[in-house]
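First up is the structure itself, then whatever we jot down about it.
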Amino acid sequence: MIEVKGLTHAFGEKVVLNGVDLSVPENTIMGLVGINGAGKSTLLRLLAGVYLPLYGSISYDGVGPEVAETRQKIFFLPDDPYYTTWMTPASLFQFYSAFYPQIDPKAYEELLRAYDVDMKGKMRNFSKGMRRQVFIALALAIKPRYLLLDEAFDGLDPLSRKLFKDAIISFVEQEHTTVIIASHSLRELEDFCDSFVLLDNNRIKHQGDIAQHVGSYCKFELAFREPVEEAAFEHLPVLAVNVRERFVQIVLEGDSEQMRQELEKLSPAVMDEMPLDFEEMFIHDVQKKKGAEK
């Protein structure tokens, strides 16, 4: 289990994380979300031991990431991983073998074949997506106890994303690995992760099960016989509302049946409940926060 307590970090006078507390259970996939600058990459680097926290603590089964034995159980794949101009997938494997003696050459080669990547090709000539595929194969071949991924879907085509997601799920089931993945692709995370953490304003704003969190909101489209004003919905727990004369689209926080009963009191001519996904909920939440700050 990963335990984070009172984690605070800053770059100069700019505080990036402030008093973050987090527990990540074993054998799980957790999504890390937030707008640009929310601190996702910084948190991953702190978890990996790349940065030392200003205050607070990080532990893996009670041991900090600064301990060599613990570091060998962690693999961190940043958004823009390092490689030299002369490296090939084969030489990259040899380089990381010095740090991770448990790395599995057979698994690495099989994954690269699945991605149709040339083991002897110069990585400088690869596209961003192909380089990402190489490092994903490397991460899975290392079989770490803890896998930290930053924007892992970036540059991958739809087929590569599916292969990657299937490989991660299988990897977690077989190796009992804990995965933390930061991504802007929230639709990818929704059907992939067991839980999520939302970073906002230097802190954790929400965390928990994605399905349960999305299920705590509901979305409706309504049509009225006469034009309505946005003020007609002020008494409701509104996350977002769009009024176009007689037509309204509204996202509410609360049980959908209870919200339906409240909306019926406004006598709409037509009312339909619409699907709401994690990404849309996140966008509405951020927009509401920005509006409140103005």
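The values are calculated or read from the model by the stated rules, or taken from the named source; none is laboratory data. Note that the structure is predicted; figures quoted are calculated from it, not measured. Using ideal geometry, Cβ is built from the backbone for each residue, glycine included, and neighbour counts are taken over all protein chains shown. With ligands, DNA and RNA removed, areas are computed over all heavy atoms of the protein, side chains included. Shrake-Rupley method; radii C 1.70, N 1.55, O 1.52, S 1.80 Å.
On the basis of being open to solvent by 50 Å² or more (accessible area, probe 1.4 Å), not acidic (Asp, Glu) and not in a helix (DSSP H, G or I), does Tyr100 make the cut? Criteria not met by Tyr100.
Per the conditions (1) among the β-branched types (Val, Ile, Thr); (2) within 26 Å of Arg145 (Cα to Cα); (3) open to solvent by 10 Å² or more (accessible area, probe 1.4 Å), the sole criterion not satisfied by Val241 is (2).
When Lys219 is tested against the conditions (1) surrounded by fewer than 19 Cβ atoms within 10 Å (Cβ to Cβ); (2) at pLDDT 85 or above, the lone failure is (1). Any idea which of (1) within 28 Å of Glu190 (Cα to Cα); (2) in contact with a strand residue (DSSP E or B) (Cβ under 8 Å, 6 or more places away or on another chain); (3) open to solvent by less than 80 Å² (accessible area, probe 1.4 Å) is the one Gln287 doesn't satisfy? Result: Gln287 fails condition (3) only. The single condition among (1) in contact with a strand residue (DSSP E or B) (Cβ under 7 Å, 6 or more places away or on another chain); (2) exposed (fewer than 14 other Cβ atoms within 10 Å of the Cβ) that Ile169 does not satisfy is (1). For region 236-259, a tally of residues being within 21 Å of Asp285 (Cα to Cα) and touching a residue at least 24 places away in the same chain (Cβ under 8 Å) returns 13. Just one residue in the set Leu7, Leu46 is in contact with a Phe, Trp or Tyr (Cβ under 8 Å, 6 or more places away or on another chain) and surrounded by 12 or more Cβ atoms within 10 Å (Cβ to Cβ); that residue is Leu7.
Exactly one residue out of Phe164, Phe135, Phe153 is within 23 Å of Leu44 (Cβ to Cβ), assigned to a loop (DSSP other than H, G, I, E, B) and either in contact with a helix residue (DSSP H, G or I) (Cβ under 9 Å, 6 or more places away or on another chain) or not acidic (Asp, Glu) (or both), and it is Phe153. If you filter region 191-248 down to residues that are β-branched (Val, Ile, Thr) and farther than 30 Å from Thr42 by Cα, you find that the one that is farthest from the chain's Cα centre (by Cα) is Val228. Against the test of being of a type in the set (S, T, N, Q) and over 30 Å from Tyr96 (Cα atoms), the options Ser160, Ser170, Ser185, Ser216 yield a single qualifying residue, Ser216.
For region 257-282, the set of residues classified as surrounded by 16 or more Cβ atoms within 10 Å (Cβ to Cβ) and either β-branched (Val, Ile, Thr) or at pLDDT below 95 (or both) consists of Leu276, Phe278, Glu279, Glu280, Met281, Phe282, listed by residue number. Annotation: Ile35 fulfils all but one of (1) farther than 13 Å from Leu17 by Cα; (2) open to solvent by 40 Å² or more (accessible area, probe 1.4 Å); (3) without any contact (Cβ under 8 Å) to a residue 60 or more places away in the chain; (4) not hydroxyl-bearing (Ser, Thr, Tyr); the unmet one is (3). Residues in region 62-72: is at least one within 21 Å of Glu175 (Cβ to Cβ) and either touching a Phe, Trp or Tyr at 6+ places or on another chain (Cβ under 7 Å) or at pLDDT 95 or above (or both)? Yes, because at least one residue in region 62-72 is within 21 Å of Glu175 (Cβ to Cβ) and either touching a Phe, Trp or Tyr at 6+ places or on another chain (Cβ under 7 Å) or at pLDDT 95 or above (or both). If you go through region 128-167 and keep only what is small (Gly, Ala, Ser), in contact with a Gly (Cβ under 7 Å, 6 or more places away or on another chain) and at pLDDT 85 or above, you end up with just Gly129. Any residue at all in region 72-89 that's open to solvent by less than 70 Å² (accessible area, probe 1.4 Å) and in a helix (DSSP H, G or I)? Among the residues of region 72-89, at least one is open to solvent by less than 70 Å² (accessible area, probe 1.4 Å) and in a helix (DSSP H, G or I), which makes the answer yes.
Of note, Lys14 satisfies the criterion of being modelled with pLDDT of 90 or more, loosely packed, with under 13 Cβ neighbours inside 10 Å and among the charged types (D, E, K, R).
Return the total of residues in region 166-209 being among the charged types (D, E, K, R), within 12 Å of Gly31 (Cβ to Cβ) and touching a residue at least 12 places away in the same chain (Cβ under 8 Å).
Qualifying residue count for the region: 5.
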